[in-house]
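What follows is one structure encoded as structure tokens, with my remarks underneath.
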Amino acid sequence: MIKSELARRRELIKRKWKPEFRRFLAWEFWKFERRDSYRRPKGNDNKMRVEVKGYPPRVKVGYRTMKEIRGLHPSGLVPVVVSNVKELEGLDPRQHIVYIASTVSLRKRAEIAKAASERGLRVVGW
């Protein structure tokens, strides 16, 4: 991947804006605010379903991320989840960024991080 291509991807990722999709009445009830996962409004007279001005936006297809940047890390690199040192083989430091799986123990995690840094790969969340 050419460096300018990576810079262009980063710019696209930075420019993409999405609103905060909130559950209806999440701003009023503590139990909804605490676990504020989006739920589709279904009531007959629900103002959010009817999209009355002043209510939060609903999830729609138009908010989807562009294909070329969908699923990428904010750095513009492709994230790869790794469970052992063997899985680092074939990864390109200019294209991939490494996440160590949550099921990996601390000792193995250190080994993977060391091997990744020797190969020039960036490790996230370690």
Review point. Within the bounds of segment 38-57, is there any residue that is within 16 Å of the chain's Cα centre (by Cα) and of a type in the set (S, T, N, Q)?
Key: no
Review point. Can we say PRO74 is in contact with a Leu (Cβ under 6 Å, 6 or more places away or on another chain), assigned to a loop (DSSP other than H, G, I, E, B) and under 21 Å from VAL123 (Cβ atoms)?
Key: no
Exercise for review: Go through the residues of segment 84-92 one by one and say whether even a single one is surrounded by fewer than 11 Cβ atoms within 10 Å (Cβ to Cβ), not in a loop (DSSP other than H, G, I, E, B) and not assigned by TED's automatic domain parsing to the domain that holds TRP27.
Suggested key: yes
Review point. Within segment 7-30, is even one residue exposed (fewer than 11 other Cβ atoms within 10 Å of the Cβ), free of Cβ contacts under 8 Å to residues at least 12 places away in the same chain, more than 30 Å from ARG122 (Cα to Cα) and not β-branched (Val, Ile, Thr)?
Key: yes
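The values are calculated or read from the model by the stated rules, or taken from the named source; none is laboratory data. No experiment lies behind these values; they were computed from the predicted model shown. When we count neighbours, we look across all protein chains shown, and the Cβ atoms used for this are built from the backbone with ideal geometry, even at glycine.
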